[in-house]
Amino acid sequence: MNISITKNQLFFLIIKTQIGIGLLSLPSVIQHSAGGDAWISVLGSGLAIQLLILVYWHLCKRYPGMNLSEMTIVFFGSYIGRSVNAIYYCFFVIIAGYACTLYVRLIKVWLLPLTPGWVLLLLIIGVSIYLALEDLRVIARFYQLAAVLFVLLFVISLATFSNDIHLSNILPVGQSDISQIISGSEKTFFAMLGFEVILYFSAQVKDTPSGILKTITMANWFVTLFYSYFVFICLIGFSQEALSKVKEPVLFLLRGLTFQLFDRLDLIFLTIWIIPMSATIVSYFCLAGKSLATSKKGYQRLVWISGLLVLLVGSYLYKQENMESISQWIEYGYLLMIVAVPLLMWILSFLFRSRHKRRLT
Amino acid sequence: MKKTIKKWLPAVWIGLLSLSVSGCWDIHYLVNKKIVNGISLDKQENGQLRGTVKAIILESKGGGQFNVKDKVAQATGGNLPEIGHKIDSMLPGTIEANKAFVIIIGDELAKQGIMPALEFFYRLPKAYLNTKVLIAKGNAAEILNVSLLENNPIAFDIKQMVQGSERTTLVPDQTLYSLWNQVSDPAEDTVLPMIRKIDHDTLVIDSTGLFNGDIFTGITLSREDSILLLLMNGKLSKVAWLDIPLDRKSHSGKADVVSFEVRKIKRKLEVSVNKDMQAIESHIRVDLYSNIDSYTSSPDWEIDSKQLSKELETILDKRASKITRQLLKANCDAFGIGRKLKASHTALWNSIDWKSKYPEVKLTTEIHVHITSTGALK
């Protein structure tokens with residue numbers, strides 16, 4: 001069950017979980033609040049996440065070799081701890097279902113308009129379970145391999161510089177108020193989620209705590225810069241009015257490109273982007289499994305069950321006409337589960353320090 | 001052995017499923033499509049749109065060879081999809097507009113604003129945004145009905161004509177994609193290439209129409225002015241050909257034309273605000289690095305570079321100020337002065353209504369001609 005991974009693999013586990021569907025619509029979402037300074041919002045959000053992962057790291061360092069589901073039991077005792085883990089399980093299943101819904105909707109709009117949603121949902125979940133059933137090392141290796149695609153996506157994005165670009169769109173820097181930039185950061189934060197895998201996966205890394213800190217920091221800033229880059233090219237590539245009207249600006253940006261051999265780079269980009277989007281769902285299956293199961297067999301059984309639940313959640317959410325209130329609830333859930341609870345545990349860890357030390361040794 | 005099979009089975013299943021299942025619903029056979037490669041839009045008297053499309057027809061000649069022909073269809077409706085649906089019922093096969101090469105908009109319609117008619121393309125994820133957009137002088141449907149070559153689909157020819165004109169910096173490279181960004185930006189205005197019919201089988205693309213927002217102002221720039229506008233905007237394509245009649249009479253008494261080819265430009269746009277006068281001043285300096293293609297004004301055809309460039313500069317300066325006057329009159333901020341003002345004088349930008357302020361801008365120009373080569377002759 002607890003096969004070790006290298007810190008390099010941890011890096012890819014984090015970035016692959018974080019980078020997903022959120023990026024495609026992010027630029028227009030934050031431009032709405034932060035205007036031409038949207039890219040600053042992304043950096044601000046990276047900073048906030050950096051503080052949060054410092055807390056995560058410190059917590060993990062205090063309890064070496066333990067993931068969050070084991071820690072909750074140490075903290076809250078067997079019964080409450082298990083129920084907290086059960087809540088985490090439900091949370092991860094709902095997140096996976098929510099991500100699948102967004103994913104299916106996107107595919108239906110851009111690629112396969114006539115294919116029924118449940119078919120797409122089934123295909124996505126099927127592929128994800130297939131990978132999630134393996135142990136963490138296999139998953140990490142796949143992520144490592146698939147990360148090559150980021151290079152390809154980056155190269156495709158470079159082509160957008162052949163459009164008319166206007167650096168003056170982001171000038172003057174600092175045109176929005178601090179409050180607007182912060183509200184942009186807030187929105188970015190929810191598009192950059194996925195770093196909570198640290199709480200579960202870093203226990204399996206065989207390295208010194210400082211090595212892990214370096215890795216997770218690097219992962220965070222890689223994602224932050226990756227996101228700010230895409231926000232930046234959208235800001236300079238679109239007029240503000242156009243950007244505020246487009247749903248997925250990162251894809252739309254590529255619609256204006258044409259080459260002798262290639263057309264519709266947006267569709268090529270999206271086809272490749274399917275892999276990072278699926279990786280996010282695989283990670284959540286894995287987290288769901290790890291939050292309740294301790295043996296390999298139990299883990300695999302749990303992943304199958306989660307698959308079924310995600311299918312139910314996904315098809316329920318897919319039918320909803322208005323996702324806004326659901327998104328709002330999911331954001332609250334996020335704040336509670338990945339900010340409030342770990343923070344609480346971190347603070348408690350100072351109080352319980354001596355007692356836990358005795359128990360751990 | 002058994003274990004490996006068990007492991008691979010799901011992979012094979014998923015692979016087969018995704019290959020076959022996704023095709024069940026979203027399969028599109030090319031034979032069932034009616035591909036539209038040219039669209040024209042005109043204004044109807046009753047406020048509706050009249051759309052004309054040219055659809056491609058492939059006729060098999062046998063042996064894997066095809067004859068490409070096109071067929072015209074016309075319908076009226078409130079918007080583009082409505083016209084599309086009506087035309088779909090007229091033609092065999094499903095109409096498919098996502099490979100249209102050109103969209104031609106009649107000038108009467110363009111004067112009312114072009115974006116509402118085009119919105120459909122932006123909303124439809126399937127639509128192709130590299131379609132060239134042209135404004136027709138007169139009726140756009142007539143342009144599409146011209147046959148330049150026997151049996152050759154006209155939209156291909158028009159597309160190639162536009163590309164040829166773009167290559168020589170005669171008209172701006174405008175697609176649906178670039179158009180939207182320019183029109184939606186309040187700090188900039190757009191210019192579009194104009195197409196007109198001069199004969200029953202001749203079309204010409206040699207002028208540019210000025211826009212105020214998404215509304216065609218009716219003011220067009222002719223060939224030389226159009227080139228100069230693009231050069232002043234810093235948009236040199238591969239080359240630009242200028243044929244400038246000199247003021248002086250030549251030794252033979254005929255009007256003299258000097259032809260030169262611009263290969264490289266440098267352009268500088270400055271925007272400043274005069275605090276006392278509350279006036280916005282803008283200055284454009286363009287340096288043209290050019291080759292002389294033809295010069296017969298002196299008896300021995302010899303070129304005095306210094307003197308000739310000076311002469312050309314005076315003529316071009318005069319033309320440039322004429323163009324700027326036209327731009328201000330049309331309220332068309334083609335140079336993006338607003339954009340510059342917004343970036344450098346943000347407080348002022350926020351306090352004014354750019355559209356009403358722009359015609360009062362003091363726009364001055366300065367053109368320098370550098371003769372880098374005189375060809376094989378001296």
Practice task
Among the numbered conditions (1) under 13 Å from the mean Cα position of the chain (by Cα); (2) under 30 Å from B:ASN67 (Cβ atoms), tell me where B:ILE198 comes up short.
Solution key: (1)
Completion exercise
The residue from B:SER297, B:SER272 that alone is surrounded by fewer than 16 Cβ atoms within 10 Å (Cβ to Cβ), polar (S, T, N, Q) and away from chain A (no Cβ under 14 Å) is B:SER272
Exercise for the section: Using the structure shown, decide if A:VAL29 is β-branched (Val, Ile, Thr) and touching a Pro at 6+ places or on another chain (Cβ under 7 Å). Expected result: no
Problem - Residue selected from the stretch B:289-308 under the condition of a type in the set (Asp, Glu) and assigned to a loop (DSSP other than H, G, I, E, B), by the criterion farthest from B:VAL262 (Cα to Cα) - result: B:ASP300
Exercise for the section: Test A:GLU70 against the stated conditions and say whether it is out of contact with any helix residue (DSSP H, G or I) (no Cβ under 7 Å at 6 or more places or on another chain), touching a residue at least 60 places away in the same chain (Cβ under 8 Å) and acidic (Asp, Glu). Expected result: yes
Problem - Which numbered condition B:GLU281 misses (of (1) at pLDDT 90 or above; (2) farther than 12 Å from B:HIS368 by Cβ) - result: (1)
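Here's the yes/no breakdown for (1) within 24 Å of B:GLY338 (Cα to Cα); (2) among the aliphatic types (A, V, I, L, M); (3) at pLDDT 90 or above:
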| residue | (1), (2), (3) |
| --- | --- |
| B:VAL146 | no, yes, no |
| B:PRO153 | no, no, no |
| B:ASP157 | no, no, no |
| B:MET161 | no, yes, no |
| B:GLU166 | no, no, no |
| B:PRO172 | yes, no, no |
| B:ASP185 | yes, no, no |
Handout entry: Residue in the stretch B:210-219 that is surrounded by the fewest Cβ atoms within 10 Å (Cβ to Cβ), counting only those that are away from chain A (no Cβ under 14 Å) and under 25 Å from B:PHE120 (Cα atoms)
Key = B:GLY218
Exercise for the section: Would you confirm whether any residue within the stretch B:239-250 is within 14 Å of chain A (Cβ to nearest Cβ) and not in a strand (DSSP E or B)? Expected result: no
Practice task
Kindly establish whether A:TYR143 is more than 22 Å from B:VAL12 (Cα to Cα) and at pLDDT 90 or above.
Solution key: no
Problem - From the options A:VAL250, A:VAL231, A:VAL223, A:VAL246, residue that is farther than 25 Å from A:ARG264 by Cβ and either touching a residue at least 12 places away in the same chain (Cβ under 8 Å) or away from chain B (no Cβ under 14 Å) (or both) - result: A:VAL223
Handout entry: All strands (runs of 3 or more DSSP E) inside the stretch B:14-132 with 2 or more residues being surrounded by fewer than 16 Cβ atoms within 10 Å (Cβ to Cβ), in contact with a Ser or Thr (Cβ under 9 Å, 6 or more places away or on another chain) and within 14 Å of another protein chain (Cβ to nearest Cβ)
Key = none
Problem - Matching entry among A:LEU120, A:LEU112 (being assigned to a helix (DSSP H, G or I), within 10 Å of another protein chain (Cβ to nearest Cβ) and more than 18 Å from the chain's Cα centre (by Cα)) - result: A:LEU120
Handout entry: Filter result (touching a Lys or Arg at 6+ places or on another chain (Cβ under 7 Å) and within 12 Å of A:ILE281 (Cα to Cα)) within the stretch A:122-155
Key = none
Problem - Subset tally (residues that are of a type outside the set (Ser, Thr, Tyr) and exposed (fewer than 15 other Cβ atoms within 10 Å of the Cβ)) for the stretch A:316-330 - result: 7
Fill in the blank from the handout: Restricted to the stretch A:260-277 and to residues being touching a residue at least 12 places away in the same chain (Cβ under 8 Å) and within 11 Å of another protein chain (Cβ to nearest Cβ), the residue nearest to the chain's Cα centre (by Cα) is A:ILE274
Exercise for the section: Output the residue which, of all residues in the stretch A:158-174 that are at pLDDT 80 or above and exposed (fewer than 12 other Cβ atoms within 10 Å of the Cβ), is farthest from A:ILE233 (Cα to Cα). Expected result: A:SER162
Handout entry: Members of the stretch B:150-209 that are in a strand (DSSP E or B) and either acidic (Asp, Glu) or within 14 Å of chain A (Cβ to nearest Cβ) (or both)
Key = B:THR175, B:VAL191, B:ASP199, B:ASP206
Practice task
Report yes if B:SER309 is within 29 Å of A:ASN169 (Cβ to Cβ) and either more than 24 Å from the chain's Cα centre (by Cα) or among the β-branched types (Val, Ile, Thr) (or both), otherwise no.
Solution key: no
Exercise for the section: Would you check if A:GLY184 is within 14 Å of chain B (Cβ to nearest Cβ) and either under 20 Å from the mean Cα position of the chain (by Cα) or within 23 Å of B:TRP8 (Cβ to Cβ) (or both)? Expected result: no
Handout entry: Matching residues, the stretch A:198-227, being surrounded by 23 or more Cβ atoms within 10 Å (Cβ to Cβ), modelled with pLDDT under 90 and of a type outside the set (Val, Ile, Thr)
Key = A:LEU199, A:TYR200, A:PHE201, A:SER202
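The values are calculated or read from the model by the stated rules, or taken from the named source; none is laboratory data. None of these values were measured; they are calculated from a predicted model. Ideal geometry is used to build each Cβ from the backbone, glycine not excepted, and the neighbour counts take in all protein chains shown.
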